[in-house]
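Here is the structure we will look at.
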Amino acid sequence: MRFAPEARIADITALLETYQASIVDGAKGGMFRLQFGNKAMSKDEAASLVSRLASEKIVSLAVATP
């Protein structure tokens, strides 16, 4: 995930809390790797999540990783 340049720390924290996510690797080329919850998701669940994240105002790019 890449956050929009105008994203504030408070906005990012709120987004992480909303999606029950944590940053597990970060800032490589501006991209952050996030983990959502503590169980594996199906491909459909992951696709739905990525779509919801991509529509967030503070997210400039959301993609799934293997």
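General remarks:
- Among the GluC sites (Glu not before Pro) in the range 6-66, those placed in a DSSP loop whose Cβ has at most 15 other Cβ atoms within 10 Å are E6.
- Bridging of K57 to aspartates and glutamates at a Cα separation below 15 Å is possible for E6, D11, once same-chain residues fewer than 8 apart are set aside.
- The chain, accessible area per residue, ligands and nucleic acids excluded (1.4 Å, Å²): 72
- The charge dipole of the chain, taken about its Cα centre with unit charges on the Cβ of Lys, Arg, Asp and Glu (plus for the first two, minus for the last two), comes to roughly 140 debye.
- Rounded to 10°, Cα long-axis angle of helix 43-54 versus longest principal axis of the chain: 20
- When every Cα-Cα distance of the chain is counted in 5 angstrom steps from zero, the calculated P(r) takes the values 4, 17, 30, 30, 14, 5, 0 percent.
- The apolar share of the surface of the chain, taken as the fraction of accessible area on carbon and sulfur atoms (1.4 Å probe, ligands and nucleic acids excluded), comes to 55 percent.
- Label-to-label distance, T13 versus A46, with points set 7 angstrom from Cα along the beta-carbon direction: 3.0 nm.
- Adding -39500 (n - 2.57) for every DSSP H run of four residues or longer, then dividing by how many residues the chain holds, sets the calculated 222 nm ellipticity at -10000 deg cm²/dmol.
- Between the Cα long axis of helix 9-18 and the first principal axis of the chain there is an angle of about 20°, rounded to the nearest 10.
The values are calculated or read from the model by the stated rules, or taken from the named source; none is laboratory data. Nothing here was measured: the structure is a model prediction, and the numbers come from that model. As a convention, Cβ positions derive from the backbone with ideal geometry for all residues, glycine included, and neighbour counts pool all protein chains shown. Surface areas here come from the heavy atoms of the whole protein model, side chains and all, with no ligands, DNA or RNA. Shrake-Rupley method; radii C 1.70, N 1.55, O 1.52, S 1.80 Å.
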